[in-house]
């Protein structure tokens, strides 16, 4: 999982695969597998990238 999350950079848009109600989120930082994302409907959330693979959004 870490491989896909490693490409995430600040400013990129993502969705959480298990929390569709959070809406789209913007990556704030990606440091050592901890990814901070500001989700439209859930606010700022720190994701453990070793357990959750975020889904990049390219067609926003």
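The values are calculated or read from the model by the stated rules, or taken from the named source; none is laboratory data. Since we're looking at a predicted model, the values are computed, not measured. All Cβ positions, glycine included, derive from the backbone under ideal geometry; neighbour counts span all protein chains shown.
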Restricting the range 44-54 to residues that are in contact with a strand residue (DSSP E or B) (Cβ under 8 Å, 6 or more places away or on another chain) and exposed (fewer than 14 other Cβ atoms within 10 Å of the Cβ), which is modelled with the lowest pLDDT? 48
Report yes if some residue within the range 24-36 is modelled with pLDDT of 95 or more, more than 11 Å from the chain's Cα centre (by Cα) and not in a strand (DSSP E or B); otherwise report no. no
Out of 41, 18, report the one residue that is touching a helix residue (DSSP H, G or I) at 6+ places or on another chain (Cβ under 7 Å), part of a loop (DSSP other than H, G, I, E, B) and at pLDDT 95 or above. 41
Name the residues in the range 46-60 that are part of a strand (DSSP E or B) and in contact (Cβ under 8 Å) with a residue 24 or more places away in the chain, would you? 47, 55, 56
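Okay, residues lined up against (1) closer than 9 Å to residue 54 by Cβ; (2) free of Cβ contacts under 8 Å to residues at least 40 places away in the same chain; (3) surrounded by fewer than 11 Cβ atoms within 10 Å (Cβ to Cβ):
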residue	(1), (2), (3)
5	yes, no, no
16	yes, yes, no
24	no, yes, no
36	no, yes, no
